[in-house]
Every structure is written in C-alpha cells, then in structure tokens.
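Written below as structure tokens is the structure these notes are about.
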Amino acid sequence: MSDKPLKAYAVTERSEAMTVIVFASSGIAARRLGANEHDTEFECIESCRRAPWADQYQSTGKIPSQAWIDNGYSQTCDYCETVIYGDTAEDEDGNPQAPIFEGVHAYCGPGCKEAREQDIAQRKASGEAFKTKVQTERPYLTFTLFRADYPWIYNSAEFSFEGAKYGGGVTEKEGGKLEWHVNAEDKPAWDRLIAEQVAA
C-alpha cells in the first residue's frame, strides 16, 4: 500500500458529463475510483483532473455544495432536482431561484428546503410508528434490524426467534398492512411459535 498522501481529483464520465471528487494517490488510481463511483467502465471516463480546492475535504470525503458552486460546478436541488448554477438567479425554465447551500445539501429555494425537511420528518414519524407497531404486535420476536427511517422509502425489519436458523422479515405494505415472512427452513419453528402464541 502506498504512503503517498491522497489528493483530490475531479473525475467526469462521458455519457452525462457528471463529475465526482475522489481521493487517490495518483491520476490512474483516481480514474479507476471515479469509474467505480460512476458505475461505469474505466474507458468511459471523459476526464480525470487534479482538484486542489477539494484536498481539504479528504478526511471526510464530503464536499460542501457551496464549494462545488464556488469552483465552477453546478448542483442539483435535493428536493426537486432542478439544476442550480452559481452565476444565475434563474433555472433552465426561467423560474427565479434563491439557492440555499447547507453542508453537502443544495436547494433551489426555501420552499424546497422546507418540503424536504417535512418529508424527512414524516419518514421518521412513520418509521417510529412502524417500530412500535411490530414490537407491540409480536413482542416475542427479537428484532435485529430496522429499515424504517429516512432515507428508506418503505418500512421493513428483520427478526429472529427461538429455534430459527435464518429468521425472517416484516414489510409494511400499502394501508399499513404488515407482511411477515420467514425462511423456508425456519417455517416449522415459526408455525410452532405462532401456534404457542395463539394457545397462550
């Protein structure tokens, strides 16, 4: 492994001209990392250039949205996906923009920032309600993983139970209906467990 310090490179892919910043010890390594980030082939990289302005973000790997703008790149609104340019107060359709840059997030205006924050709050509330619901409905299960918060779109969880080799999962469907499923090898133990709970 090389002891050379990692430096920032701007890697742009060919098809959509999208750019990512990667941190690598050489241009060739950066090109390879950039291709992986873009989920494309090495040969499909249009350019790989040093980006000294981004060296300072190597420890976290997170580039602030304002830094992208300050260095000539555009950003995409985190809510409506409108492209935000640093040198204009209008979007591509001529609509006024009042961009907000907050850490790695960019918004084309206060309305989109508020809407995204509301969406996140709703997802968090939905996730907490789901956790309470499944734990209340089946307190005899051991829940091992929840996917029930932002940025997950749907609520789901994984669980284990006595006699299970693989365990199972539960997904919240439309209308709040819970769909429970277990691995086929665990089905006999699951059926016994459910029968015991019904009889209790």
| query | Once the other residues with Cβ under 12 Å from the Cβ of K124 are scored (Lys, Arg +1; Asp, Glu -1), what is the net sum? | reply | -2
| field | In Å², nearest 10: area of L145 left accessible to a 1.4 Å probe | value | 70
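P(r) tail for the chain, what percent of Cα pairs lie past 21 Å?
Values: 13460 of 19900 pairs.
Everything past 21 Å amounts to 68 percent.
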| task | Could you tell me the accessible area of K177 in Å² (1.4 Å probe, neighbours in place), rounded to the nearest ten? | result | 140
| task | Quickly estimate the mean residue ellipticity at 222 nm for the chain, helices only: each DSSP H run with n ≥ 4 gives -39500 (n - 2.57), and the total goes over all residues, rounded to 500. | result | -9500 deg cm²/dmol
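Once you charge only the Cβ atoms, +1 for Lys and Arg and -1 for Asp and Glu, what is the size of the charge dipole of the chain about its Cα centre, to the nearest 20 debye? Before the final figure, lay out the partial values.
Working: 21 positive and 33 negative charges, 153 e Å.
Here the size comes out at about 740 debye.
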| request: Let me know the number of lysine pairs in the chain closer than 18 Å at the Cα, not counting same-chain pairs under 8 apart. | output: 9
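Tell me, what is the percent relative contact order of the range 15-129, built from C-alpha pairs under 8 Å that lie six or more residues apart?
Working: 130 pairs, mean separation 19.6, N = 115.
17 percent.
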| task | Take the alpha-carbon centre of the range 145-200, take the same for the range 1-61, and report the distance between them in whole Å. | result | 42
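If each residue of separation counts as 0.36 nm, what is the full-extension length gain between N71 and T142 once their alpha-carbon separation is subtracted? Display every interim value, and only then the final one.
Working: separation 71, 0.36 × 71 = 25.56 nm, distance 4.98 nm.
Gain in length upon complete extension: 20.6 nm.
Leaving out ligands and nucleic acids, note down the accessible area per residue over the range 1-82 with a 1.4 angstrom probe, in whole Å². If you can, show how the numbers build up before the last one.
Numbers: 5140 Å² over 82 residues.
Averaged over the residues of the range 1-82, the accessible area is 63 Å².
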| query | GNM on the chain, C-alpha springs below 10 Å: top fluctuator among I45, I100, I21? | reply | I45
| field | Within a Gaussian network of the chain (alpha carbon springs, distance under 10 Å), most fluctuating of T171, T12, T142 | value | T142
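The values are calculated or read from the model by the stated rules, or taken from the named source; none is laboratory data. The model shown is predicted, which means the values in this text are computed figures rather than measured ones. Because the Cβ atoms are built from the backbone with ideal geometry, glycine has one as well, and the counts that use them run over all protein chains shown. The area values use the complete protein model at the heavy-atom level, side chains included, leaving out ligands, DNA and RNA. Shrake-Rupley method; radii C 1.70, N 1.55, O 1.52, S 1.80 Å.
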